[in-house]
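Bear in mind these aren't lab numbers, they're just calculated from the coordinates by the rules spelled out. Bear in mind that the values here come from a model prediction, so they are computed numbers and not experimental data. Virtual Cβ from ideal backbone geometry, glycine too; neighbours counted across all protein chains shown.
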Amino acid sequence: MLRAFQTHVIRKQTELSGRTWAFAPNNAATVEALNVPVPSCWEMYPGFENYRGKATYETQFFAEGNIRLEFKGVGHFGTIFIDGEKVTSHYNAYTPFETVLCNIKPSMHTLQVEVDNAFREEYALNRPNDYMSYGGITRGVLLEELPNVHLTRLKVTPLKVEGNGWRAHVEVFCRNLTATPQKADIEIRMHENVFFARQLEIQPGESLAWTQELLLTNIESWTLEAPRLYEINAVLSINDCPIDDLIDRTGFRTVEIQGNRVLINQKPIKIKGFCRHEDHPEFGCAIPFGTMAHDLQLIKDMGGNSVRTAHYPNDELFLDLCDEMGILVWEENHARGLSESTMSNPLFDEQASQVTREMITAHYNHPSIYIWGIFNECASETALGRERYRIQYELIKTLDKTRPHSSATCRYYKDICLDMPDVVSWNMYPYWYENKTAHEMIDSLYNWTQEETGGAGKPFMITEVGAGAIYGYRGQHHDKWTEEYQAEALEKQLAEILAYESCMGVYIWQFCDCRVSKEYFDKRPRTMNNKGIVDEYRRHKLAYEAVKRIFSGEGNYWT
Ligand code: ADA
């Protein structure tokens, strides 16, 4: 399962995930291949709990003609071979990639995916870190058979009509695999609206084939309370014969900044959110659909209205669920706590830009995403860091002019980048790492932001707050690491932050306990980050009820 809805009726698709593949580590000539499910993380296979390095997955498929293979996530470097020949490679576990092959002969074909999860200089964004860099084909794999001229992407931008109603700015991208321009008709359907583009000339290669502002009738807005979604269905015909189609899904809502508020559908939103790592003791980061949905149900049950995909783009199935459940998403590119020296890796800008580009291109149509985040707690106090941030902020605006951007920082009183993001976001740990009240900390950071930085007057939010607790550790002295301590710390942190009028909201660090890289963070108890409100099995800690009390106390919007 790659998406929560059907993406083609005409085009032939075969899911290559959802079945077992052969798996063997590259360094072990004598080891027999295992049969393993895909998607999965190899840390879940007996004997591979701590395997770091290269391994190869293999499966067979039947196809002929032009084919497209899509990989939603291979962690963290993948090299693809078809019938023994290398066809492509991709760095970064958290963004999708594809390869297209033309005119393959009708027969069984062998697909091999060599995966590398080692930490190497040439992988600039992966460092042993306060989360686990799992190995494997961790998200879905899709095989499609393509006609010579086909659809590649639909980009839909909702536009509010003055008064009531909606328009959509629709861009249709096509690919022509032949060497000469081809003529095609495209039909677009959304709800009861139908549009035609006739005799478009599709140039060789991939290009924007058609763009138009469409006036739509009877469209309801996407809101947190009623997250109405619409499918947009494009059909491509040649000589009046439909040969390809593409279905995507979107929702109609506005995101704007007015003064120091972010407005969703013209109302200032108060964020009550959770940072979440894709992590589970039984699945690693390859979380099944049902478990994703359960996570979001818990978040809603606690009164949450938003998720921050810290610290990388998430599986698109999760975004589909956020769209359906009316949960706002801060989606983040990939980087956590990288120093100036790591950011000076000559590959850094190129690899960071690739993640940003692939994330926004793939996820643009999700109504739940209201902000793009970059570079959590990286070297934003340095001139080199500033240049790295500038490149990403500018790139985001070329890819998406409709959403704000931000970055979660902890460079207290030193950050030199706050003039660049649309929203100023601070991570802070009063009652945990810092011996101050939450009110003292937020007040001091707010005042410094207003008086000393280019961030003055912008929306201001807290993107991390939290405290650790070991599930089941209770104690009458309420010492650190007890569930009691965590619940009390959270209650004070959230109450003080939400009462701070100039702050547009808060994200809790973090939704669930997660595994961390032992190479770096084995000082953490259990080699886990234990600040989850639920533990790694989603068992509620005492803080669950405390968070629920506070988050359920007010509405989603300021009145
Ligand atoms: C940081 C960081 C998180 C996590 C957290 C913690 O703020 O952004 O990834 O490491 O601290 O638990 O200390």
Enumerate the lysines that residue 397 could reach by cross-link, defined here as Cα to Cα under 28 Å, with residues fewer than 8 away along the same chain left out.
-> 72, 155, 160, 267, 270, 272, 414, 458
Taking Cα atoms only, helix 383-399 is inclined relative to the longest principal axis of the chain by an angle, in degrees rounded to 10, of 50
Net charge near residue 469 (other residues with Cβ under 11 Å of its Cβ; Lys, Arg +1; Asp, Glu -1) is -2
Taking Cα atoms only, helix 483-498 is inclined relative to the longest principal axis of the chain by an angle, in degrees rounded to 10, of 80
Rounded, prolate or oblate: which one fits the range 130-221, using the alpha carbon gyration tensor with axes a ≥ b ≥ c (rounded when a/c is under 1.5, else prolate when a/b beats b/c, else oblate)?
-> oblate
Cα centroids of the range 93-134 and the range 135-176: how far apart, whole angstrom?
-> 23
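Which shape class, rounded, prolate or oblate, goes with the chain when its Cα gyration tensor gives a ≥ b ≥ c as root eigenvalues, a/c under 1.5 marks rounded, and past that a/b bigger than b/c marks prolate?
Note, shape of the chain comes out oblate.
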Charge sum, other residues only, whose C-beta stays under 13 Å from residue 108's C-beta, Lys/Arg counted +1 and Asp/Glu -1 = -2
Inter-part gap, Cα centre of the range 309-371 to Cα centre of the range 458-499, in whole angstrom, is 27
Percent of C-alpha pairs per 5 Å bin, the range 202-280, short to long = 3, 9, 12, 16, 15, 14, 11, 10, 6, 3, 1
In degrees, nearest ten, helix 316-325 long axis to first principal axis of the chain (Cα) = 70
Net +/- balance of residues flanking residue 405 in space, Cβ distance below 9 Å, scoring K and R +1, D and E -1 = 0
Reduced to Cα centres, the span from the range 214-245 to the range 1-71 in Å works out to 32
Just in the range 515-559: which chymotrypsin sites (Phe, Trp or Tyr not before Pro) are loop by DSSP and have at most 15 other Cβ atoms within 10 Å?
-> 537, 558
Work out how far the C-alpha atoms of the range 328-439 reach from end to end along every principal axis, then list the three figures in whole Å, largest first.
-> 42, 35, 21
Name all residues of the range 256-271 having a backbone nitrogen under 19 Å from the label point set 7 Å from the Cα of residue 450 along its Cα→Cβ direction, giving them as ranges.
-> 258-262
